[in-house]
1. For segment 124-240, which helices (runs of 4 or more DSSP H) that fit wholly inside it have 3 or more residues that are open to solvent by 70 Å² or more (accessible area, probe 1.4 Å) and farther than 21 Å from ALA382 by Cα?
2. May I ask you to verify whether TYR262 is farther than 15 Å from ILE140 by Cα, touching a helix residue (DSSP H, G or I) at 6+ places or on another chain (Cβ under 6 Å) and in contact (Cβ under 8 Å) with a residue 24 or more places away in the chain?
3. Looking at SER114 and the list (1) at pLDDT below 95; (2) surrounded by 16 or more Cβ atoms within 10 Å (Cβ to Cβ); (3) outside any helix (DSSP H, G or I), which single condition is not satisfied?
4. Would you please list the contacts, defined by Cβ atoms under 7 Å and residues six or more apart or on different chains, that run from a residue in segment 5-22 that is closer than 14 Å to ASN137 by Cβ to a residue that is of a type in the set (Lys, Arg)?
5. Residue by residue through segment 241-263, note down the ones that are outside any loop (DSSP other than H, G, I, E, B) and buried (at least 18 other Cβ atoms within 10 Å of the Cβ).
6. Given the criterion farther than 30 Å from PRO378 by Cα and in contact with a strand residue (DSSP E or B) (Cβ under 9 Å, 6 or more places away or on another chain), identify the matching residue among VAL68, VAL53, VAL36, VAL83.
7. Under the condition of being of a type in the set (A, V, I, L, M, F, W, C) and under 30 Å from PRO378 (Cβ atoms), which residue from segment 98-111 is surrounded by the fewest Cβ atoms within 10 Å (Cβ to Cβ)?
8. Output the residues belonging to segment 278-291 that are under 14 Å from LEU302 (Cβ atoms), open to solvent by less than 30 Å² (accessible area, probe 1.4 Å) and in a strand (DSSP E or B).
Amino acid sequence: LIYDSFAQYLVAEKGYDKDLLTLAPDSLDFCCKGLVLDIEEGNFLKLAEDGTVLRASHGTKSMTSEEVLETYGRREWKHFNTVSGMVSRSAKYYLYDNYFDLPGALLCARAVDSLNQHDSQKKYDFWKDMVAAIQHNYKISAFKEDCGAYFPEVKNHPDKYLQRCPESVKKWLKQLKSAGKILLLITSSHSDYCRLLCEYILGNDFEEYFDIVITNALKPGFFSHTPNQRPFRTLENDEEQEALLSLDKPGWYSQGNAIQLYELLKKMTGKLDPKVVYFGDSMHSDIFPAHHYSNWETVFILEELLGDKVMVPAETESEPLEKKGKYEGDQPKAPYFVSKQWGSFFMDRLPGLENAEETLVRTWSCKCISTYSTIAIPTLEAIADLPLDYRFTRFSSNSSATAGYYPSPPRALLPNEESVTMK
């Protein structure tokens, strides 16, 4: 649906090729979290923890190891410094790190393919059109105005797109609240869409689960901006009202910033430094900024932990059939299938010439997990049945890089093949 809503806009409003509207069933294999789009070059990159390019594609077409070495060499990608700082966004690249915008990666790649067919470009400028498509479909008034292709469809068929929250998770939220914890919901979605989601997922009484609800939080800015840059606002009928000078009591608010929120939490708990544990599924919008700016504990929800069952195959072509079958027949709908084109989210081998010694390295995405999250879990369900005083092993500089994965580290990170040299 996300792919279609962007593609329809590019074709209807910006004159792109109609071919973009049709999707081959296996083309979604291209979508892999952690890819960086080098906008001007039209290339997608998978980076190692030191910024070396492990795999790349031009448009949707994979580059060979030789092409990768020829184009990027065995050195840090030129924008790695800014991308790994994660503080700034740049017009030069875009980082795909959550499922909500991941389908856009496939559309951009196909747009590059399409532009190449008409004439081989040296520099690409499709990005401004992509941004316009995102704004058209997701702007704050789009839900109310039935604008774009995304919101009207989710409104009309919520059962097609949304999964109800498991009972175990609802019970867990109630237990936390009964134990005196303050529960917050902080989302960048606007209040009307948030309400639709929560009513369907948690039930009409969803507001009772939370003490504070903050919508249109515009993360990561919620964490990095000061109160006067981004004040809280109250809502009336989903319309934002005038700015608040301070946050005085629990309730439902729009926009805002972590500084004033923390002041309110101090007041509500009576503690000088209340501990906040923040759950999120985007490294860029949730985990990094909550850790970096607010020094909160962070729990990274990483669905890739469900799918990472196979070691990185030596060569995709020679993959034994039983490995392939696992992902093709059984669970085509699962969002955590491992991409054949991009391989494991956690590890990969350095591109080398045919007979070079193989070296496996961690991906940059994998390094971020142990650097910025306290623990990483595949789903909330994975921890919902644990006692509230369960003690998790955290990622920390002095423990192993796999310590914080619960219930277990991805198989790709376990040294289960002695022949493989880890870097």
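1. By residue number, 158-161.
2. So TYR262 does not fit the description; no.
3. Condition not satisfied by SER114: (3).
4. Partner pairs satisfying both residue conditions: VAL11/LYS18.
5. TYR253, SER254, GLN255, ALA258, GLN260, LEU261
6. Unique residue meeting the criteria: VAL68.
7. Filtering first and then ranking leaves PHE100.
8. Answer for segment 278-291, where residues must be under 14 Å from LEU302 (Cβ atoms), open to solvent by less than 30 Å² (accessible area, probe 1.4 Å) and in a strand (DSSP E or B): just GLY280.
The values are calculated or read from the model by the stated rules, or taken from the named source; none is laboratory data. The shown structure was predicted, so the numbers you read here are calculated from the model rather than taken from an experiment. Counting neighbours? That spans all protein chains shown, and the Cβs are built from the backbone with ideal geometry, glycine included. We work out accessible area using only protein heavy atoms, side chains counted, and drop any ligands, DNA or RNA first. Shrake-Rupley method; radii C 1.70, N 1.55, O 1.52, S 1.80 Å.
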